[in-house]
Amino acid sequence: MVSTIQPVDSLYIIELQEPFESLSLQFVPDEIGFNYQGNFQAVLPTGRNTPIYHYTGGKDDLTLNLVFYAEQEEEIKKKINWLRSLRYADGYNNPARRILLQFGSLFGNEEKWIVNSVAGKFLDFMRINNYAPKRAEVALSLSLATDYNFTYKELR
């Protein structure tokens, strides 16, 4: 289920604040969706036929489609609740938790993410286990939230 030790050859979502738990991905996602968006503000100088665009920031988003199978009763619900908990701030005390994706060399250690949404569905309910789901499909939406300001040169 949720662990604090991560073998290097596995795929993990790792919490970066106490209690530093992690979730092992049972399967490699078929795809990871991304949306890298720049924000520009049009400045309209007097007498100019076209605007000048001023860069005001950007946003990097990821969507991971995950599948979980239960090996024990209530396991699926615990995993989904752990993912949901990453969206929440600690009241007024601390912001929402940041995570690290351990996914081979695809993501670096400086790429920290916040969870925007956890959308999915429970499937294959087990009557024998009080109707606990045997499987879940989850779309996990993340946004880049690093302490470091990347430049275009570092991404090339």
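How much FRET efficiency would the formula 1/(1 + (r/R0)^6) give for Val28 and Asn149, where r is the Cβ-Cβ distance and R0 is 41 Å, rounded to 0.05? Efficiency for this residue pair is about 0.85.
Mean-square fluctuations from a GNM of the chain, with a 10 angstrom spring cutoff on Cα atoms, peak among Tyr69, Tyr92, Tyr131 at Tyr92. Rounded to the nearest 10 degrees, the angle from helix 75-85 to the longest Cα principal axis of the chain is 30 degrees.
Our coupling estimate for region 20-26, obtained by passing each phi through the Karplus curve with A = 6.51, B = -1.76, C = 1.60 and θ = phi - 60°, is 6, 7, 9, 10, 7, 7, 5 Hz, Gly and Pro reported as x.
Distances between every pair of Cα atoms in the chain, grouped in 10 Å steps from 0 to the bin holding the largest one, split as 9, 33, 30, 15, 8, 4, 1, 0 percent. Here region 39-101 is described by how far its Cα atoms reach on the three principal axes: 70, 31, 16 Å, from widest to narrowest.
Under 5 Å between amide hydrogens, which residues at least 5 positions from Thr146 or on another chain qualify, with H placed 1.01 Å from N in the peptide plane? Under 5 Å from the amide H of Thr146 lie the amide H atoms of Lys112, each far enough along the sequence or on another chain. Short-range pairs are left out: with C-alpha atoms under 8 Å and at least six residues apart, the relative contact order of region 83-133 is 29 percent. Across region 116-128, coupling constants 3J(HN,Hα) worked out from phi with the 6.51/-1.76/1.60 Karplus curve, θ = phi - 60°, read 7, 7, 10, 10, x, 8, 8, 9, 6, 6, 9, 4, 5 Hz, and Gly and Pro carry x. Here region 90-156 and region 41-60 have alpha carbon centers that stand 33 Å from each other. Net charge dipole, region 1-130: roughly 580 debye, given to the nearest 20, about the Cα centre with Cβ charges of +1 for Lys and Arg and -1 for Asp and Glu.
Relative contact order of the chain, taken over Cα pairs closer than 8 Å and 6 or more residues apart, is 23 percent. Using a cut-off of 28 Å between alpha-carbon atoms, which lysines can reach Lys121, once sequence neighbours fewer than 8 places away in the same chain are excluded? Output for Lys121: Lys59, Lys77, Lys78, Lys79, Lys112, Lys134. Of all DSSP beta bridges confined to region 90-136, the antiparallel ones make up roughly 90%.
Laboratory data are not the source of any read-out in this text; all were calculated from the coordinates shown. Note that the coordinates shown come from a computational prediction; the quantities given were computed from them, not determined experimentally. FYI the Cβ positions are ideal-geometry reconstructions off the backbone, even for glycines, and counts take in every protein chain you see.
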